[in-house]
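**Q** Encoded as C-alpha cells, here's the structure I'll be asking about.
The values are calculated or read from the model by the stated rules, or taken from the named source; none is laboratory data. Keep in mind that this is a model prediction, so the values were computed, not measured. Counting neighbours? That spans all protein chains shown, and the Cβs are built from the backbone with ideal geometry, glycine included. Protein only, heavy atoms only, side chains kept; ligands, DNA and RNA dropped before computing areas. Shrake-Rupley method; radii C 1.70, N 1.55, O 1.52, S 1.80 Å.
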Amino acid sequence: MKKHGSYQEFLPILAEVRLFEGIPAEHYDHIFEYLGIYVLFYEKEEFIQRLGEPMLCSGVVLEGTVEGSFISENYNKINMNYFTPGNSFGEALACVSTSYSPIQLKALTDCTVMFINLKQILSDAPCNCRYQQRLSTNLIRILASQNVFSNLKLRIANQKALRDRIMMYLYSLAPDREGFVHIPFTQTALAEFLGVNRSALSRELGRMQNEGLLQVNGKSMKLML
C-alpha cells in the first residue's frame with residue numbers, strides 16, 4: 001500500500017460515482033477537502049481491509065478490482081461482491097464507524113482506492129459545504145440500494161435448488177433490448193456469489209441450455225421462459 005498522488009486522472013470515473021452525483025467536477029477540490037478524502041494504491045493480493053479491523057471510511061475503486069468476502073461458520077471464505085472502477089464499498093459500516101469489520105477486502109489486481117470520511121455528511125455541526133444536502137441524499141440512495149442487494153443475497157441463499165438460485169439471480173438483473181442480462185462475474189465468482197460449487201453451476205447451466213431454458217452468449221444470458 002502506498003499513497004497515490006492525485007485523483008485528477010480519474011475524473012471520468014469519479015463523474016460516475018453515485019455519491020458525487022449532481023456535483024460539478026469543478027467543485028471536487030472543495031468537496032474532497034470537506035470529506036477528508038485520500039487515495040491509496042494497493043498491489044495485487046494485498047488486503048485493503050482485514051476481518052476484525054476498524055472500518056472508519058468507505059471506499060471507491062478508481063482502478064482495478066476489489067473482492068469483498070467474509071468467513072462462514074465453517075471457516076470457509078464466502079464471496080460477497082466484486083467492486084470495479086466507479087463502485088463503492090463499506091458505506092454502512094463506515095456510517096457507524098464499526099470497530100470490528102465483519103468483512104474483508106482484497107485487491108484482486110493492482111488497485112487504486114479513494115477513501116471517504118462519511119461522518120462529515122452525517123454530522124449535525126454547521127458547515128460551509130453547499131453540497132452537504134446533495135451528499136446526504138446520494139448516501140441514503142446508496143444505502144437503500146445496498147439493502148435491496150443484501151435482501152437478494154439472502155433470498156438466493158434460502159433457495160435449496162441450484163436452478164432456483166440461478167433463475168432468481170438472473171431475474172434480478174435488468175435485460176437489454178434483446179432480453180439478455182450481463183453477468184458481471186466470472187463463472188467461478190458467480191458460483192461463489194450463489195454459494196455453490198463451480199462444477200455444479202457449470203453442469204446446471206449446461207442442462208438449462210440443453211432444455212431450451214437458457215441462452216448463453218459469453219457473459220450474457222437470456223432466460224427462454
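**Q** Being surrounded by fewer than 18 Cβ atoms within 10 Å (Cβ to Cβ) and of a type in the set (Lys, Arg) is the requirement here; does Lys106 meet it?
**A** Judged against the criteria, Lys106 is not a match.
**Q** Follow-up question, since we're still on this one. Can you tell me which of Tyr42, Tyr38 is closer than 25 Å to Gln8 by Cα and surrounded by 17 or more Cβ atoms within 10 Å (Cβ to Cβ)?
**A** Tyr42
Yes/no per residue for (1) modelled with pLDDT of 90 or more; (2) over 22 Å from Thr188 (Cα atoms):
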position: Gln8; (1), (2): no, yes
position: Glu16; (1), (2): yes, yes
position: Phe20; (1), (2): yes, yes
position: Tyr38; (1), (2): yes, yes
position: Pro54; (1), (2): yes, yes
position: Phe70; (1), (2): no, no
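**Q** Can you find a residue that is in a helix (DSSP H, G or I), in contact with a strand residue (DSSP E or B) (Cβ under 8 Å, 6 or more places away or on another chain), of a type outside the set (A, V, I, L, M) and at pLDDT 90 or above anywhere in segment 82-93?
**A** There is at least one residue in segment 82-93 that is in a helix (DSSP H, G or I), in contact with a strand residue (DSSP E or B) (Cβ under 8 Å, 6 or more places away or on another chain), of a type outside the set (A, V, I, L, M) and at pLDDT 90 or above.
**Q** Of everything in segment 45-68, what is within 17 Å of Leu35 (Cβ to Cβ) and surrounded by fewer than 18 Cβ atoms within 10 Å (Cβ to Cβ)? Give them in sequence order.
**A** Result: Leu56, single match.
**Q** Hey, another quick one. Which is open to solvent by less than 50 Å² (accessible area, probe 1.4 Å), assigned to a helix (DSSP H, G or I) and not acidic (Asp, Glu), of Ile13, Ile23?
**A** Every option except Ile13 fails the conditions.
**Q** Within segment 114-133, is even one residue over 18 Å from Val66 (Cα atoms), open to solvent by 80 Å² or more (accessible area, probe 1.4 Å) and acidic (Asp, Glu)?
**A** yes
**Q** Give the residues of segment 146-202 that are open to solvent by less than 30 Å² (accessible area, probe 1.4 Å) and in contact with an Asp or Glu (Cβ under 9 Å, 6 or more places away or on another chain), sorted by residue number.
**A** Correct list: Ile156, Ile166, Phe185, Ala189.
**Q** Criterion first (among the polar types (S, T, N, Q), outside any loop (DSSP other than H, G, I, E, B) and open to solvent by less than 30 Å² (accessible area, probe 1.4 Å)) does Asn138 satisfy it?
**A** Yes, satisfied.
**Q** Please verify whether Gly68 is touching a Gly at 6+ places or on another chain (Cβ under 7 Å) and assigned to a strand (DSSP E or B), treating the condition exactly as stated.
**A** It is false that Gly68 is touching a Gly at 6+ places or on another chain (Cβ under 7 Å) and assigned to a strand (DSSP E or B).
**Q** Another question, then. Given (1) open to solvent by less than 60 Å² (accessible area, probe 1.4 Å); (2) aromatic (Phe, Trp, Tyr); (3) not in a helix (DSSP H, G or I), identify the lone condition not met by Tyr100.
**A** (1)
**Q** Just to check your reading of the model, which residue among Lys160, Lys119 is within 27 Å of Ser202 (Cβ to Cβ) and out of contact with any Leu (no Cβ under 6 Å at 6 or more places or on another chain)?
**A** Lys160
**Q** Kindly evaluate Tyr7 against the criterion of being in contact with a Cys (Cβ under 8 Å, 6 or more places away or on another chain), closer than 26 Å to Leu122 by Cα and in contact (Cβ under 8 Å) with a residue 24 or more places away in the chain.
**A** no
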